[in-house]
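A short write-up of the structure that comes next.
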Amino acid sequence: MKNILFYCQNLLGLGHLVRTTEIIRHLSKDFKVCLVQGGTPVQGFQLPSGVETIHLPAIQVDPTTLWSENRIMVADSSLSLDQVKEIRKNMLLKVFDVLQPDCLITEGFPFSKKNSLSFELVPLLERVKTTKPSTKVVCSLRDIFMVKNTEDRAKKEEERCQFMNQYYDLLLYHSDPKVHRLEESFAKAKEIKCQVVYTGYVVQSLIENTAFINENISRFSSQKPTILVSVGGGKLGHDLLEAVIEAAAILEKYLPHKIQIFTGPLMPDDKFLQLQNLAADRTNINIRRFTTQLIAHMEKASLSISLGGYNTTMNVLKTGVRSMIYPSNKDREQAIRAEKLEKMGILEVIRPENLEPAHLAEKIIACLNKEPVKNLCQNLELQGAQKTAQVLQNLLELQLIEAV
């Protein structure tokens, strides 16, 4: 059985890890997969059984310095950043030397986090070239990624293009070309020499188990519409949650409903407590930190209100739920995706001026009265994880044939 080493680093939220996990779920059917995870561990987050996981000393980025270059920090350690970098680099090299993988996959890199992660990934890629050049090197990349609009953007794109041409054999682009093409995010797309494959969107699987039944599923059986509110990992989107809680008092006057809020496991404790206090008198609101079954909740909900991260948006497309999305104001990635889907009639975009409680309540009521959009999503390519597994199987089978 072929070995795959999959590197994933979530610096801010959980999106990269969630998408990687879904891909690994399908890869592990035909490959032996080792996941190297460099972000903060999340209690309760489930990885597919049988997948070996190696946790590097965690690093993260401060949300307040999200767009600053190289502003990574140690997540929870008495060691300095330089010490942690050295440990991580050596761990990665050792894992590669021991595993000798047939394929190395880097999630996002070098298109995103290049400046933050080159300290360990450049030595790893050099080790591949010098000790096991037969290893196929693959980039797994989401649909929209941002290179800052600075004077040296063209230079940065040229650097990334040359880097891909130097080290990589394949780019797996997790997008539907009918919605977003690579050249819209990366002007040098046509200069990439390795194979580029559009996989379609990576959408989470609905996992059938008893866990969801134990999560108070009875509240979905009432005639009251359920409004599901989520903000990904929880480091962003606090203003959206506060606005929904304030709008709940107005909504209660006009229609029976229940609001289920998931704050995300990475929300600071003091902020979580603040939201609980804000909603203390609201009998129509239930607040929890995290669920492993968000897509199942979404499938049962009458309306989803969320940030516009890749995975949450893919859940919207999978379930066809009525949806309102508030793009994170930290970058344009979420706004670009949400605005495209809004033009297709699939969702409604919440803009900052819509967060005023009366305005937000009005928008929620109007969205609840809309027809579900499942029929609009049926023509989108949503088998990205499955196609990724097939493409890699073909790639490594070809490698085997060439070696014979």
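The values are calculated or read from the model by the stated rules, or taken from the named source; none is laboratory data. Predicted model, so just to flag it, every value in this text is computed and none were measured. Positions of Cβ are backbone-derived with ideal geometry, glycine not excepted, and every protein chain shown enters the neighbour counts. Ligands, DNA and RNA are excluded from the accessible area calculation, which covers all protein heavy atoms including side chains. Shrake-Rupley method; radii C 1.70, N 1.55, O 1.52, S 1.80 Å.
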Options Pro352, Pro357, Pro372: the member that is open to solvent by 70 Å² or more (accessible area, probe 1.4 Å) and of a type outside the set (D, E, K, R): Pro352
Thr263 vs. criteria at pLDDT 95 or above and under 22 Å from the mean Cα position of the chain (by Cα): yes
Looking only at segment 320-333, and only at residues there that are open to solvent by 20 Å² or more (accessible area, probe 1.4 Å) and touching a residue at least 40 places away in the same chain (Cβ under 8 Å), the one that is farthest from the chain's Cα centre (by Cα): Arg322
Residue check for Lys340: open to solvent by 70 Å² or more (accessible area, probe 1.4 Å) and basic (Lys, Arg): no
Segment 9-65, residues that are surrounded by fewer than 18 Cβ atoms within 10 Å (Cβ to Cβ), closer than 19 Å to Gln383 by Cβ and among the basic types (Lys, Arg): Lys29
Number of the exception - Met267 against (1) assigned to a loop (DSSP other than H, G, I, E, B); (2) more than 30 Å from Gln383 (Cα to Cα); (3) open to solvent by 50 Å² or more (accessible area, probe 1.4 Å): (3)
Matching residues, segment 107-128, being under 24 Å from Gln393 (Cβ atoms) and assigned to a helix (DSSP H, G or I): Leu124, Leu125, Val128
Among the residues listed as Leu275, Leu307, Leu317, Leu341, the single one being in contact (Cβ under 8 Å) with a residue 40 or more places away in the chain and closer than 14 Å to Val244 by Cα: Leu307
Extreme residue, farthest from Gln37 (Cα to Cα), among residues of segment 101-136 that are among the hydroxyl-bearing types (Ser, Thr, Tyr) and buried (at least 16 other Cβ atoms within 10 Å of the Cβ): Thr135
The lone exception for Ile295 - which of (1) assigned to a loop (DSSP other than H, G, I, E, B); (2) under 23 Å from Lys224 (Cα atoms) it fails: (1)
Ala187 vs. criteria without any contact (Cβ under 8 Å) to a residue 60 or more places away in the chain, open to solvent by 40 Å² or more (accessible area, probe 1.4 Å) and closer than 27 Å to Thr313 by Cβ: yes
Any hit, segment 229-242, residues being open to solvent by 60 Å² or more (accessible area, probe 1.4 Å), out of contact with any Pro (no Cβ under 9 Å at 6 or more places or on another chain), farther than 18 Å from Val373 by Cβ and not in a helix (DSSP H, G or I): no
Where Lys363 falls short, out of the listed (1) closer than 23 Å to Val18 by Cβ; (2) touching a residue at least 24 places away in the same chain (Cβ under 8 Å); (3) not in a loop (DSSP other than H, G, I, E, B); (4) not hydroxyl-bearing (Ser, Thr, Tyr): (1)
Answer from Leu294, Leu380, Leu398, Leu317 - the residue that is surrounded by fewer than 16 Cβ atoms within 10 Å (Cβ to Cβ) and under 23 Å from Arg25 (Cα atoms): Leu398
